[in-house]
Amino acid sequence: MSAPENFPIRTALVTGAARGIGLATAIELLRDGRRVVLADLAAPDLDLVPQELRARASAVVLDVCDEAARQRVVADMVQRHGGVDILVNNAGISLKNASGQSNGILEVGLGEVQQILDVNLLSMLRLCQLALPGMKQRGWGRIVNVSSLAGRGKSIVAGPAYMLSKSAVLGLSRSIASEMGQYGITTNCVAPGRILTPMAQQAGDEVNRRYAEQIPVRRLGEAAEVGAAIRYLCSESAGFTNGAVIDVNGGFFMN
């Protein structure tokens with residue numbers, strides 16, 4: 001598939017793209033005719049990308065908490081592709097204790113909070129700061145930040161540190177959307193509910209079964225369903241969607 005007629009090929013950077021929502025998003029963007037750089041702690045396996053799409057895909061190693069690595073990846077994209085047109089900040093962590101659960105408010109330590117904020121929020125802020133000047137210069141950009149149901153309302157399984165980080169993603173995104181919209185740059189969020197990803201599977205089958213019983217559609221989500229929402233937010237036709245949150249949770253949270 002090629003880029004839409006009369007539009008240039010846009011280049012996207014997707015973090016946390018080795019699996020789950022990040023990989024599904026990268027595939028959706030490739031199907032939409034984008035050029036996609038898949039980034040993760042270990043280089044994503046491009047064999048997981050459909051063969052007919054691989055010509056426009058590349059993989060890079062990126063620790064999103066490493067400033068030198070962040071700068072290197074963005075600089076390389078500027079050199080090779082002219083810049084970052086689309087930034088999908090998907091990389092995130094949710095830490096569990098020895099029993100496999102999230103620490104509660106009385107147990108969570110500041111070190112854990114800082115580690116989660118570093119990955120889930122501060123790396124996102126910094127990548128936006130690195131990508132935005134080029135977007136502003138070109139007069140076009142799409143930023144999609146992956147928040148969570150845990151940032152929108154009550155959470156059955158997430159602890160306070162994770163909820164804090166994902167709530168802050170919403171505020172950061174609104175701030176960027178307000179300031180940068182005038183330059184043809186949109187910034188939006190998706191807030192996935194319980195999605196069948198390796199992170200969700202940490203909780204175990206029984207926890208996920210009980211969770212699914214509380215969702216109106218009576219199942220967990222698929223990564224591709226989140227990727228499809230992100231694909232829209234990154235599209236040429238989404239230029240008037242700015243500062244929005246798309247909830248992909250099967251109806252568990254209704255605003």
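Here are the numbers for this structure:
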| item | result |
| --- | --- |
| Output for segment 1-10, where each listed residue is of a type in the set (A, V, I, L, M) and modelled with pLDDT of 95 or more | none |
| Some residue of segment 208-225 being surrounded by 16 or more Cβ atoms within 10 Å (Cβ to Cβ), among the hydroxyl-bearing types (S, T, Y) and under 26 Å from A26 (Cβ atoms) | no |
| Matching residues in segment 62-88 - criterion: being closer than 22 Å to E236 by Cβ, open to solvent by less than 10 Å² (accessible area, probe 1.4 Å) and part of a loop (DSSP other than H, G, I, E, B) | G83, V84 |
| Segment 236-255 - residue that is in a helix (DSSP H, G or I) and of a type outside the set (A, V, I, L, M, F, W, C) and, of those, most open to solvent (accessible area, probe 1.4 Å) | S237 |
| Among the residues listed as G153, G184, the single one being in contact with a Phe, Trp or Tyr (Cβ under 6 Å, 6 or more places away or on another chain), modelled with pLDDT of 95 or more, open to solvent by 20 Å² or more (accessible area, probe 1.4 Å) and not hydrophobic (A, V, I, L, M, F, W, C) | G184 |
| Test: residue in segment 96-103 that is basic (K, R) and part of a loop (DSSP other than H, G, I, E, B) | yes |
| Condition met for L13 (aliphatic (A, V, I, L, M), modelled with pLDDT of 95 or more, open to solvent by less than 70 Å² (accessible area, probe 1.4 Å) and in contact with a strand residue (DSSP E or B) (Cβ under 9 Å, 6 or more places away or on another chain)) | yes |
| Counted residues, segment 7-25 - those being among the charged types (D, E, K, R) and on the phi > 0 side of the Ramachandran plot | 0 |
| Any hit, segment 190-204, residues being free of Cβ contacts under 8 Å to residues at least 60 places away in the same chain, surrounded by 20 or more Cβ atoms within 10 Å (Cβ to Cβ) and of a type outside the set (A, V, I, L, M) | yes |
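The values are calculated or read from the model by the stated rules, or taken from the named source; none is laboratory data. Being a predicted model, the structure only gives us computed values, none of them experimental. Note that each Cβ is placed from the backbone with ideal geometry, even for glycine, and that neighbours are counted across all protein chains shown. Calculation scope for accessible area: heavy atoms of the full protein, side chains included, ligands and nucleic acids excluded. Shrake-Rupley method; radii C 1.70, N 1.55, O 1.52, S 1.80 Å.
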